[in-house]
1. Within a Cβ distance under 9 Å of Thr13, other residues only, what is the Lys/Arg minus Asp/Glu net charge?
2. Hey, what does the equivalent ellipsoid look like for the range 48-104, semi-axes from the Cα gyration tensor as sqrt of 5 times each eigenvalue, largest first, whole Å?
3. For the chain, what is the accessible area per residue in Å² when the probe is 1.4 Å?
4. Roughly how large, in nm² to one decimal, is the mean projection of the convex hull of the alpha-carbon atoms in the chain?
5. Quick one: what are the phi-derived ³J(HN,Hα) couplings along the range 63-73, Karplus 6.51/-1.76/1.60 with θ = phi - 60°, whole Hz, x for glycine and proline?
6. Counting only protein heavy atoms and a 1.4 Å probe, tell me what percentage of the chain's accessible area is made up of carbon and sulfur.
Amino acid sequence: SYAQSAQFDAIGTILGSSGTLIAPQWVLTAAHVVQGANLASTSFRLRGTGPAYQASHIVIHPSYTGINTGNDIALVRLSSVIAGVTPAAIYRGASEVGALSSIT
């Protein structure tokens, strides 16, 4: 279940895994999620339940060689812009040392 806070509006699903909208037409996900994916059947859904936004291009980190080797990151360009949702912002703070976090 997705968090019900507006701060999580940019989170969704892609190929059954998680992805985050980082710009109106770009999704950040793991490379292992989209490696070898059929572009025609790759889409992104906000909160996992919204309309499907078709992928138009996949960019996998050039140094990615496998799930346990690092650089497991990819960008997916969508064929249309997602309007009305604020993309996730890059964290620019410095207070993460010693902070608690949780995964739900």
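1. Spelling it out: positives minus negatives among the neighbours equals +2.
2. Calculated on Cα positions only, the semi-axes equal 26, 21, 12 Å.
3. 65
4. 7.7
5. For the range 63-73, the Karplus-derived couplings read 9, 6, 10, x, 4, 9, 10, x, 6, 7, 9 Hz, x marking Gly and Pro.
6. Taking all protein chains in place, the chain shows 56 percent carbon and sulfur surface.
The values are calculated or read from the model by the stated rules, or taken from the named source; none is laboratory data. Treat the numbers as computed from the prediction; the structure is a model and nothing was measured. Note that each Cβ is placed from the backbone with ideal geometry, even for glycine, and that neighbours are counted across all protein chains shown. Side chains included, ligands, DNA and RNA excluded: accessible areas come from the protein's heavy atoms. Shrake-Rupley method; radii C 1.70, N 1.55, O 1.52, S 1.80 Å.
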